[in-house]
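The values are calculated or read from the model by the stated rules, or taken from the named source; none is laboratory data. Quick caveat: nothing in here was measured; it's all calculated off a predicted structure. All Cβ positions, glycine included, derive from the backbone under ideal geometry; neighbour counts span all protein chains shown. Each accessible area value is taken on the protein alone, full model and side chains, heavy atoms only, with ligands, DNA and RNA left out. Shrake-Rupley method; radii C 1.70, N 1.55, O 1.52, S 1.80 Å.
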Amino acid sequence: MGLPAPIGMYVRQDIDQLNSAGAWDPYTLAYANAVRAMQEVSANDPRDPRGWTFQAYMRGFPPAVASPDPLWGSAPHGSRYCLPWHRMLVYMFERIARSFVVANGGPLDWALPFWNWTRNPSLPLAFRQETLPDGAENPLYVADHRNPNPFPGMNGGAPLPPDVVETDYIMSFKTFEDWDGPPPPPEDQIHDLIGGPSDLDGCGRGWMSDPRCAALDPVFWVHHANIDRLWVVWMAQGGRNPADPEWTAREFSFYDSDGREYTGACGDVMTTLALGYTYAYPSIAAQSPEVLGLAPSHRTRRRSAPPAPGEEPARSGTELGASDEPLALGARPSSAEVPLGGGAEGALRTLTEARSMRRSVYLTVEDVSLEAHPGVVYAVYLNKPEGVRGTDAQTYRAGILSFFGLVHTNGDGPPTSAFDVTSVVAFLRSRGEWDPGRARVAFEPLGLQTEGGSGYETVPDYLPDETGVRVGRVCLRAR
C-alpha cells in the first residue's frame with residue numbers, strides 16, 4: 001500500500017513571515033493547539049500512533065523505553081535515504097496534525113510551517129513564548145531541554161552562528177553521488193546548537209542534540225520542513241535525485257491520522273507535488289541568494305571520485321599522513337599536527353591538472369569519543385594562519401565537526417567525519433602556504449552568538465576547559 005493520496009494542494013509557509021505581526025498568527029497557533037492535542041493523546045494512550053510521543057519515537061527513542069513499536073527509531077540517518085525518509089515522516093506527521101487542527105476549528109488549509117534559519121537564525125517567536133494567548137502553557141515552549149548558553153540562550157533569542165546556517169556548500173552539488181555519501185545539509189549542527197548540552201544516558205537535558213529525543217521538541221518538525229524545502233530548492237536549480245532501483249524502490253512505513261500503517265517508496269516522493277504540498281518560497285527566484293544562503297562561495301568544492309566497492313568512504317584512499325596522538329577538544333581552539341609522508345606531494349600534483357584528472361583530498365577526523373554532548377560544534381580549519389578570524393577564516397575551513405550523528409554509533413565502530421579539502425589544499429598551494437612535510441588542523445568551538453556578537457567569536461567561559469570530547473586521529477587522504 002502506498003502513502004495516502006493528498007486531498008488538495010497545501011502551502012507550507014515561512015513561520016517568521018507568519019509571525020511578522022506577532023507570535024500568534026492563526027497557522028502557528030493552530031500548530032501549538034495540535035501539538036497539545038497530540039500530547040493529550042499520548043497521555044491517554046502511549047500506543048496510539050496519533051500521539052505526540054509515538055510520532056517523536058518514529059525518529060528515535062531513549063533506551064529505557066520498553067516494547068517499542070516496530071517502526072520506532074527507523075530513521076536511516078547518515079545514508080542517502082535520509083531525505084526521502086524525513087519527507088515521508090514529516091508528511092505523515094503533518095496529516096495527523098492537520099486532523100487535529102481541523103477538528104479544533106483551525107484553518108482548513110493548514111500546513112506545517114518551516115523555519116528558514118538562514119534568514120532568521122534565532123528561534124521563531126512562537127517557540128519562545130511561555131504561554132498561549134489564552135494564558136495556557138505553550139506546548140511549543142520547551143523550558144529545560146534547549147541550549148541555555150550563552151545568555152539569553154536559545155529560548156531567549158540567541159542566534160545560531162553564520163558558519164552553521166550557510167547552505168552554499170550543499171547547493172553546489174548536482175547529484176546525491178557528488179556528496180560521496182549522505183547529503184550534508186546543515187541539519188546536524190543545527191540540532192547540536194538548538195539542544196545544547198545533553199547526556200548520553202537518556203533524554204534528561206538537550207533534546208534536539210540527541211537523535212533519540214530530538215523529535216520531542218516541536219521545533220524539530222519546522223526545522224525538518226526547512227530541510228525538505230532546501231531539497232526542493234536544490235532540485236529547482238538542477239539537482240538530480242538517484243535513479244537506481246535500489247534507491248527508488250526502497251520503502252519505509254509510517255502511520256496516518258486514521259492510525260493505519262502505510263508504506264511509501266523513495267521514488268514516490270521525489271517531488272512534493274506528488275504529496276499535495278508546496279512551499280511559499282520553492283525556488284531560488286522567489287528569494288534572493290542571500291536569503292537562501294546561496295551566495296557564491298569564495299572557494300568551490302569539486303566532485304570527488306567514488307570509493308571502490310566495499311570501501312568505507314570516510315577511510316578509503318591513500319593515506320598521506322596522520323596525527324601521532326589523540327587530541328582533547330575544549331573551550332579554547334586546539335590543533336593537531338599531521339606529518340605528511342614522502343608520497344604526499346606526488347599525490348597532490350594532480351591538483352594542477354584538468355578537473356577530470358584531479359585526485360580528491362579528504363581530511364578525516366577519526367575515532368571521536370565524548371562523555372556527553374558539549375553543546376557546541378567545532379569549525380575545522382586546515383593550515384589557517386594565526387590571527388585570521390571571521391569571514392577571512394572561511395577560506396581555510398574544512399567543515400563543521402558535529403556530534404548529533406556521532407553520539408550513538410549503533411555498534412558500527414568509532415565515528416568518523418570526513419571533509420573534502422581538495423579546494424582548500426589547492427588554494428594553499430597557490431598561495432605558497434602549503435608545507436609538503438606537515439599540515440596543521442585546527443578545531444575552534446562554535447556556539448550560539450552572544451548579544452551583539454559577530455557570530456565568529458570563540459566560545460566564552462561557559463564551556464569547561466575539559467569537555468570530554470576526544471579525537472583519536474586526524475588524517476589526510478587522497479582518492
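Under 1.5 on a/c is rounded, so check that first for segment 80-171, then, if it is not, pick prolate when a/b is larger than b/c and oblate when it is not; a ≥ b ≥ c are the square roots of the alpha carbon gyration tensor eigenvalues. Cα axes put segment 80-171 in the oblate bin. How large, in Å, is segment 134-228 by the Kirkwood hydrodynamic radius built from its alpha-carbon pairs? One decimal place: 14.6 Å for the Kirkwood radius.
Stretching the chain fully between Glu337 and Thr263 yields a gain of 21.7 nm (0.36 nm per residue, less the alpha carbon separation). Think of a 1.4 Å ball rolled over the protein heavy atoms: the chain then has 39 Å² of accessible area per residue. For the chain, the relative contact order comes to 20 percent (Cα pairs under 8 Å, sequence separation of at least 6).
If a spin label sat at a point 7 angstrom from the Cα of Asp199 along the line to its beta carbon, the backbone N atoms of segment 127-145 nearer than 18 Å would be those of 143-145. Only helices enter this figure: runs of n ≥ 4 DSSP H residues, each worth -39500 (n - 2.57), summed and divided by the residues of the chain, yield -6500 deg cm²/dmol at 222 nm to the nearest 500. Among the protein heavy atoms of the chain, carbon and sulfur supply 51% of the accessible surface, probe 1.4 Å, non-protein parts ignored.
With no solvent and one equal point scatterer per Cα, compute the Debye intensity ratio I(q)/I(0) for the chain at 0.05 Å⁻¹ and report its log10, rounded to two decimals. Debye intensities relative to I(0), on a log10 scale: -0.18. Can you tell me how segment 201-264 classifies by the Cα gyration tensor, rounded, prolate or oblate, using a/c under 1.5 as the rounded cut? Oblate, since a/c reaches 1.5 and b/c is not below a/b.
If you bin all the Cα-Cα distances of segment 1-128 at 10 Å, starting from zero, the percentages per bin are 11, 36, 39, 14, 0. Cβ screening of the chain for cysteine pairs under 4.7 Å finds these without a partner: Cys82, Cys266, Cys475.
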